[in-house]
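The values are calculated or read from the model by the stated rules, or taken from the named source; none is laboratory data. Everything numeric in this text was worked out from a predicted model, so none of it was measured. Cβ sites come from the backbone with ideal geometry, for glycine too, and all protein chains shown count toward neighbours.
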Amino acid sequence: MTMSPIRAGICILVAFAVLAHGAVEPWSEAVLEIGAAVLLLAWSWKAWTDSELKLVWNPLFWPLLGFWLVAALQLTIGITAVPFLTRIELLKYSALIALFFLCVQSYRTRAHWRNFVWFLLSLGFAVSLFAILQHFTFNGKLYWVRQLQYGGIPFGPYVNRNHFAGLMELLIPPGLAMQILSAERRDQLPLVTLFTVFCGGSGLSRNFDCGAPKRKESVGRCRADFNSSRNFGFVAGNWRRTGPVCLL
């Protein structure tokens with residue numbers, strides 16, 4: 001058994017999480033957690049049967065495990081506000097840690113990481129294309145078939161368009177890194193640029209949580225404070241509160 005099935009399983013889970021509306025519903029969360037557990041068991045079997053397989057450590061494991069231990073300790077000694085919700089979130093966090101661990105163990109060479117970046121860029125390009133197509137042919141349903149029971153402002157597979165923008169913001173840096181580091185052949189760089197720009201353009205269009213609405217709101221509040229108040233101390237206090245937000 002090689003690491004190829006593990007890498008393929010990671011890509012499948014990543015694509016599933018994106019297409020299943022961000023894996024925020026109980027059924028999709030369960031699929032993601034079970035999938036991560038199955039992949040972890042498969043890697044454990046590989047590590048048990050292959051004596052040449054070496055464990056790779058990443059410094060990011062320290063803060064991840066530290067945060068997990070804090071949550072587990074709170075749940076164990078009963079100091080959490082809502083034990084049930086803490087247990088649910090701990091299961092989600094454990095699945096994400098397992099996926100990060102598997103990525104570190106299975107993606108070891110430059111070729112592995114380049115293929116993974118290509119997968120992410122291809123996924124982002126496909127989801128962006130679908131989101132734009134669904135936007136112009138939107139009938140009030142996700143994937144044109146699923147009714148929105150609780151409302152929302154969807155874009156692509158996400159009920160909240162800001163979540164789509166967050167996904168695109170995560171997919172842009174790998175593409176930029178490939179271009180800056182020249183990690184791909186020169187004839188492939190235009191395609192990398194196309195995928196990266198397309199992801200960025202779809203995420204930034206219509207001001208999808210890119211900070212512009214918040215900055216406009218903050219600037220408007222500052223102007224209202226200065227125009228409506230004659231008390232310099234009151235104005236200064238409001239500027240100290242909203243000024244940093246405007247600068248951001």
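Details
- Out of LEU60, LEU13, one residue alone is under 26 Å from ASN160 (Cα atoms) and either modelled with pLDDT under 95 or under 18 Å from the mean Cα position of the chain (by Cα) (or both). It is LEU13.
- Residue in the range 8-24 that is surrounded by fewer than 16 Cβ atoms within 10 Å (Cβ to Cβ), over 21 Å from VAL117 (Cβ atoms) and not polar (S, T, N, Q) present: yes
- The range 127-150, subset within 22 Å of the chain's Cα centre (by Cα) and among the small types (Gly, Ala, Ser), residue farthest from THR196 (Cα to Cα): ALA131
- Scanning the range 45-64 for residues that are surrounded by 13 or more Cβ atoms within 10 Å (Cβ to Cβ) and within 24 Å of LEU32 (Cα to Cα) yields LYS46, ALA47, PHE61, LEU64.
- Restricting attention to the range 134-180 and to residues that are of a type in the set (D, E, K, R) and part of a helix (DSSP H, G or I), the residue that is nearest to HIS21 (Cα to Cα) turns out to be ARG161.
- Filter pass, ALA131 being surrounded by 14 or more Cβ atoms within 10 Å (Cβ to Cβ) and part of a loop (DSSP other than H, G, I, E, B): no
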